[in-house]
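Structure first, then comments.
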Amino acid sequence: MRKFLHRSTTQTQRFLLLAPIFCLLTINGTAQTNKTISGDTAFWYKYQLGECEKLNIPLLIPSTDKFHFRFWTDDQAVDIWSVDGTSYNGLITSFINSSVDNNANNPSKEQKQPQTFAKQDLLDTALARQAFKLTTQIAGMPTDQEIKGWHQGFDGIEYVIETSTQSNYSLRSYWTPTAQDSSLLEAKKIEVFVKDLDSLLNLGQKFHDFFASLQPGAYTNGFMITVKLTPEQIQYYKRTKPYRDYLKSISDTLNHYLSDTLSRIFAKQSGLQCYDEFFLKFSTDNRLLKITTNSEFTDREDKRQYMDCTKKIKKAFNQVNVAFVHSQIPYWKELMFSDGTITVFDTSNGGL
């Protein structure tokens, strides 16, 4: 079974709060509602409402449907609704964004915006009714922050559920049911519901079919980049497999050496604070070719600190000796600062 709405960390306690952009409407916004609103809505208001328009799905707070249920994952939204309480409809929206490689080393250059790709699959009424019956398993369950004993974490899975009737709207979130105490009944209910919904609607296959229809390129759901290769890239990938296998075989040794050595070097530079993720590209003779980041800069000072950190990283590598690495292809590493130490680890692109 696929993992949904993943919050990913590394050994350095990385924290990436990763969630889809939920389609909420403030009470004093463009539409009025007399509904009772409950759940985690205040937290999600900051996310862009424009995502609903991109995905061609409606806002639920002003919905007049008798019942409308929406289940969010990192790459799908599942809608089950009934206008009259008798017949049911269903829609699965699979989506992903193009991965934009903006040059952090040139912050003055116009930043590219990602493009959203989506595919919608309508459910027949019989299947939609079965899905509605599944939603009754968790009807009325409070959001996880209101459940005694439900703990939060940084790494794991988060499920988010919107429910709208003609008189009520709620948004509930549930962090990693499988990580909760085995005696927590609500966690077991959510876990069973997610598995049953995934099995009933074949969500994994639908996303696979959607992704297969996209052009080759790099895509992201907010926390991980997935690359769809061209035929030429596939041939290169096959040809370079022995070289990548070699890099994998020395990965732990190289990562530990870089982490320990760089931590010692930077420990001498008191006051250094670098909060970004840094991606390092090395040549076949182990020269540091490039440093980039996926972090977004909020102001000039943020950019200045990033550039200052990249300069110090480059300078630190003058004291690093990785002559024991004999790679036949360029390779990448990811570097992160945490609590005064540095951790280096493999990137998701596998060194391509």
So is residue 69 over 25 Å from residue 212 (Cα atoms), not hydroxyl-bearing (Ser, Thr, Tyr) and not in a loop (DSSP other than H, G, I, E, B) or not? yes
Going through the stretch 221-239 one residue at a time, which ones are of a type in the set (S, T, N, Q) and surrounded by fewer than 17 Cβ atoms within 10 Å (Cβ to Cβ)? 226, 230, 233, 235
Can you name the condition, by its number, that residue 207 falls short on among (1) open to solvent by 40 Å² or more (accessible area, probe 1.4 Å); (2) in a helix (DSSP H, G or I); (3) at pLDDT 90 or above; (4) closer than 24 Å to residue 347 by Cβ? (1)
Do you know which residues across the stretch 292-342 are part of a helix (DSSP H, G or I), of a type in the set (Asp, Glu) and within 24 Å of the chain's Cα centre (by Cα)? 302
Is it the case that residue 319 is in contact with a Phe, Trp or Tyr (Cβ under 7 Å, 6 or more places away or on another chain), open to solvent by 60 Å² or more (accessible area, probe 1.4 Å) and over 15 Å from residue 343 (Cα atoms)? no
Name, by its number, the condition in (1) of a type in the set (A, V, I, L, M); (2) at pLDDT below 95; (3) surrounded by 17 or more Cβ atoms within 10 Å (Cβ to Cβ) that does not hold for residue 123. (2)
So residue 252, is it open to solvent by 90 Å² or more (accessible area, probe 1.4 Å) and at pLDDT 90 or above: yes
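Examine the stretch 297-313 for a residue that is among the basic types (Lys, Arg), in contact (Cβ under 8 Å) with a residue 60 or more places away in the chain, open to solvent by 20 Å² or more (accessible area, probe 1.4 Å) and over 30 Å from residue 241 (Cα atoms), and state whether such a residue exists. Give the steps one after another, and end with the answer.
We begin by selecting, within the stretch 297-313, every residue among the basic types (Lys, Arg); these are 300, 303-304, 311-312.
Of the ones still in play, those that are also in contact (Cβ under 8 Å) with a residue 60 or more places away in the chain are 303.
Checking which are open to solvent by 20 Å² or more (accessible area, probe 1.4 Å) leaves us with 303.
This time we only want the ones that are over 30 Å from residue 241 (Cα atoms), so: 303.
Yes, because at least one residue in the stretch 297-313 is among the basic types (Lys, Arg), in contact (Cβ under 8 Å) with a residue 60 or more places away in the chain, open to solvent by 20 Å² or more (accessible area, probe 1.4 Å) and over 30 Å from residue 241 (Cα atoms).
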Give me a count of the residues in the stretch 126-172 that are more than 26 Å from residue 54 (Cβ to Cβ), modelled with pLDDT under 90 and among the acidic types (Asp, Glu). 1
Does residue 347 meet the test of being touching a residue at least 40 places away in the same chain (Cβ under 8 Å), closer than 22 Å to residue 217 by Cβ and either out of contact with any Asp or Glu (no Cβ under 6 Å at 6 or more places or on another chain) or not in a strand (DSSP E or B) (or both)? yes
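Hey, does the stretch 257-271 have a residue that's open to solvent by less than 30 Å² (accessible area, probe 1.4 Å) and in a loop (DSSP other than H, G, I, E, B)? Before the answer, list the steps.
The initial filter retains those residues of the stretch 257-271 that are open to solvent by less than 30 Å² (accessible area, probe 1.4 Å), namely 258-259, 261-263, 265-266.
Now restrict to residues that are in a loop (DSSP other than H, G, I, E, B): none.
Checking the stretch 257-271: not a single residue is open to solvent by less than 30 Å² (accessible area, probe 1.4 Å) and in a loop (DSSP other than H, G, I, E, B).
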Only residues that are touching a helix residue (DSSP H, G or I) at 6+ places or on another chain (Cβ under 9 Å) and either open to solvent by less than 70 Å² (accessible area, probe 1.4 Å) or assigned to a loop (DSSP other than H, G, I, E, B) (or both): list them for the stretch 134-148, please. 134, 135, 138, 141, 142, 144, 147
Under 9 Å between Cβ atoms, which residue pairs at least 6 apart in sequence (or on different chains) link something in the stretch 141-157 that is within 10 Å of residue 173 (Cα to Cα) and free of Cβ contacts under 8 Å to residues at least 24 places away in the same chain with a partner that is among the acidic types (Asp, Glu) and surrounded by 14 or more Cβ atoms within 10 Å (Cβ to Cβ)? none
Do we find a residue being open to solvent by 60 Å² or more (accessible area, probe 1.4 Å), modelled with pLDDT under 90 and out of contact with any His (no Cβ under 9 Å at 6 or more places or on another chain) anywhere in the stretch 280-295? yes
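The values are calculated or read from the model by the stated rules, or taken from the named source; none is laboratory data. Please read these numbers as outputs of a predicted model, since none were measured by experiment. Every residue, glycine among them, receives a Cβ derived from its backbone with ideal geometry; neighbour counts consider all protein chains shown. In case anyone asks, the SASA skips ligands and DNA or RNA and just uses the protein heavy atoms, side chains included. Shrake-Rupley method; radii C 1.70, N 1.55, O 1.52, S 1.80 Å.
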